[in-house]
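Below is one structure; the comments refer to it alone.
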Amino acid sequence: EVPSIAEHFDSSFLIGAAVEPHQLDGVQGEIIKRHYSSIVAENAMKPISLQPNEGDFRFQEADKIANFARENGLSLRFHTLVWHNQVPEWFFLDENGKKMIDETDQVKREANKELLLDRLTTHIRTVVERYKDVVDSWDVVNEVIADEATNARGMRESEWYQLTGDEYIRVAFQTARQYAGSDSKLYINDYNTEVSPKREHLYNLVTELLEDHVPIDGVGHQAHNQIEWPSISDMRRSFSMFAELGLDNQVTELDVSLYNWPPTPAYREYEDIPTERFDEQADRYEELFSLYRELDSIISNVTFWGIADNHTWLNDRAREYNNGVGVDAPFVFDINYQVKPSYWRIMNQ
Ligand code: G3I
């Protein structure tokens, strides 16, 4: 058996993996227990999974993950209290079933905003109370910054934003802190946090919120990387900027796609991937973990967005851009759960 990744990095940061409840048994469960010190639900703790209809909380799948963490002494990251995606539509409907966004009457718009923020508070309170004993990091809000700014602050124009401005973010953090207490940490999570001007928009928002005493403890950097992008210096800069604000950093959704953007052409089958491509990926993993080690005083968790190459959202993306056929292979374990060159190279760090 190969040495444990989590043990290897024990003095620097937690090593995590995103999991689905069905991955907790058998070989994958054994890999999680051996190689990771932290887990996060890939989908099971998103609002649409936890409260598909108002007041109808479904904890069964999420509980499997929380219990696995409890039973095996793993740290649990919570993903995610608020998102514009995978959020059920009912949040944004008024009492008559009308879309809040279509309301033109100013008085009703104000009432709708209160209703929406109440629903948000209820969701957060219920979920946080259930899992606070085991969660040590919460993604409080996910992806609130736009890729291409359509307003001066670069805020994503989600329904949350259109209906409340940035108040939903403030309420979310305050509510999470109120019910979680201060034993666990609260994160603002996003992708392309290394990329300008998105990085600066995130930085400015966080600065403003901190000035207003909104309880943010850290920034989650998703880190959906490619082999040649983003640059290590952009990453170093981003981690350092947020650390200078007194914040923690976590790498929350690490993967290294084999493709550039767009991910085409893609290899049709896993067997079609040449070994040279895996070697290039290994070079990349080495430089990433070398950077994380260098910055281990300002990075507390490095979580992969999956366990092994047999299960990754990047396969769906490869298929989406290649007429339904294609695979990716972003992790350090292959489709048979064997270690790849990338594994050995991160273990050199
Ligand atoms: O559960 C349904 C199933 O009932 C249905 O038969 C099937 C048909 O398509 O869909 C299933 O839902 C899928 C869900 O994953 C659970 O497997 C959705 O279609 C699919 O869109 C969803 O994808 C997830 C995606 O978020 C949604 O945006 C990915 O698994 C998940 O890896 C991905 O994770 C996100 C992070 O939360 C935020 N950052 C980016 C990251 C990658 O996109």
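FYI, it's all coordinate maths here, none of it is from the lab. Note that the coordinates shown come from a computational prediction; the quantities given were computed from them, not determined experimentally. All Cβ positions, even for glycine, are placed from backbone atoms using ideal geometry, and neighbour counts span all protein chains on display.
The rows are residues; the columns are (1) in contact with a helix residue (DSSP H, G or I) (Cβ under 6 Å, 6 or more places away or on another chain); (2) more than 16 Å from the ligand (Cβ to nearest atom); (3) in a loop (DSSP other than H, G, I, E, B); (4) of a type in the set (Val, Ile, Thr).
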{"residue": "Ser300", "(1), (2), (3), (4)": "no, yes, no, no"}
{"residue": "Thr303", "(1), (2), (3), (4)": "no, no, no, yes"}
{"residue": "Asn310", "(1), (2), (3), (4)": "no, no, yes, no"}
{"residue": "Asn315", "(1), (2), (3), (4)": "no, no, no, no"}
{"residue": "Arg319", "(1), (2), (3), (4)": "no, no, no, no"}
{"residue": "Val327", "(1), (2), (3), (4)": "yes, no, yes, yes"}
{"residue": "Ile335", "(1), (2), (3), (4)": "yes, yes, yes, yes"}
{"residue": "Arg345", "(1), (2), (3), (4)": "yes, yes, no, no"}
Worksheet item: When both residues are 6+ apart or on different chains and their Cβ atoms are under 6 Å apart, which pairs have a first residue that lies in the stretch 272-299 and is at negative phi, and a second that is surrounded by fewer than 18 Cβ atoms within 10 Å (Cβ to Cβ) and not in a helix (DSSP H, G or I)?
Response: Glu280/Ile227; Gln281/Ile227; Arg284/Ile227; Phe289/Gln349; Ser290/Gln349; Arg293/Gln349
Worksheet, complete the sentence: Filtering the stretch 49-59 for residues that are away from the ligand (no atom under 14 Å from the Cβ), surrounded by fewer than 22 Cβ atoms within 10 Å (Cβ to Cβ) and not charged (D, E, K, R) leaves a count of 4
Discussion item. Going by what's in this entry, would Val134 be described as in contact (Cβ under 8 Å) with a residue 60 or more places away in the chain and farther than 16 Å from Gln51 by Cα?
Written reply: yes
Response to the item:
Taking the stretch 66-80 and the residues there that are over 11 Å from the mean Cα position of the chain (by Cα) and not in a helix (DSSP H, G or I), the one that is nearest to the ligand (Cβ to nearest atom) would be Leu76
Worksheet item: So which pairs qualify, if the first residue must be in the stretch 183-202 and among the acidic types (Asp, Glu), the second must be part of a helix (DSSP H, G or I), the Cβ gap must be under 7 Å, and the two must be at least 6 apart or on different chains?
Response: Asp190/Leu202; Glu194/Asp234; Glu194/Met235; Glu194/Ser238
Worksheet, complete the sentence: Arg236 meets each of (1) within 18 Å of Ala146 (Cβ to Cβ); (2) part of a helix (DSSP H, G or I) with one exception, condition (1)
Worksheet, complete the sentence: Taking the stretch 81-96 and keeping residues assigned to a helix (DSSP H, G or I) and more than 16 Å from the ligand (Cβ to nearest atom) leaves Trp90, Phe91, Phe92
